[in-house]
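Take a look at this one; I'll ask things after.
Each reported figure results from applying straightforward, stated rules to the coordinates on display, with no laboratory input. What you are looking at is a predicted structure, and each value in this text was computed from that prediction instead of being measured.
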Amino acid sequence: MKRFILLVSVAMLVPVAANAKVLLDVRADETQSSRMFSGTEAVTSVMERSVVGVMEDREPTKKRASLVVLTRNVGEVPYNFGPENISVSAQGETFVVLTYDQLLRETRNKAKWRRLAGALAAGSNSAAASNAGSSNGTFSAYGNDGSYAHGNYSSYDAGAAQAAQAQANRDNQQMMQTIQRNEQAAVAALDANMQTSTVDPGGSFGGRVAIEIPKALRKVKQPTPAVITIAIGSDVHRFQTMIVPAQ
């Protein structure tokens, strides 16, 4: 059977957390082919109905890795392909392969808490501004005849309060707009993640897949074998992988 080499855009890979611990190293066996793209390895597996390519993420990660997975339909009937076709296991542990919907919910939940924090900060800013025109204090006075007076005073500068409130409103608006822009950017960034799609004969499809590394494997001291399994009907592609401690 003629081998197909799947070209994968390195731009689809994204950096992960800076406090890195491990990385996934995908390795080709004797039935598979391997090619390098700008220092990143892509391993290709060919079977009767499908060709699958996996490109590893060379950025170390603390707990969540990503892979770029592509498939080409070389059969005669369409098939659906998505994160549900992918599984990863090592030492009896099963990795969680996150779907687009799970990532979207996670992103929106984080955004919800940021909006709440922003609302609390805005309320604090407005409260501080409302008090900007007020001043309070105490006074003491002594008369020539030896008399003494003591008391409290308060005053209110409406102009100062109005200016402070206007500034607080501008600051609050800018803060909430920044939160909204960040949320929109985070949701847009998810577009590179794979969503289940139908692959017609002769067609190709793929995207980034996020994989949650089990806690027991996040701080391995030596290379640890893992297997990425991608099942498309009767075609079962297995990619030998190593969980490697970050240098």
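Give the long-range amide H neighbours of residue 23: residues separated by 5 or more places, or on another chain, with amide H under 5 Å away, using H modelled in the peptide plane at 1.01 Å from N.
It is 61, 244, 246, by chain and number.
Mind listing the long-range amide H neighbours of residue 96? Cut-off is under 5 Å, sequence gap 5 or more, other chains count too, H placed in the peptide plane at 1.01 Å from N.
The list, which skips near neighbours in sequence, is 212.
A further question follows. Which ³J(HN,Hα) values, rounded to whole Hz and listed in residue order, are derived for region 205-219 from phi using the Karplus coefficients 6.51, -1.76 and 1.60 in 6.51 cos²θ - 1.76 cosθ + 1.60 with θ = phi - 60°, glycine and proline given as x?
So the J values, rounded to whole Hz, are 7, x, x, 7, 10, 8, 10, 8, 7, x, 4, 5, 10, 7, 10.
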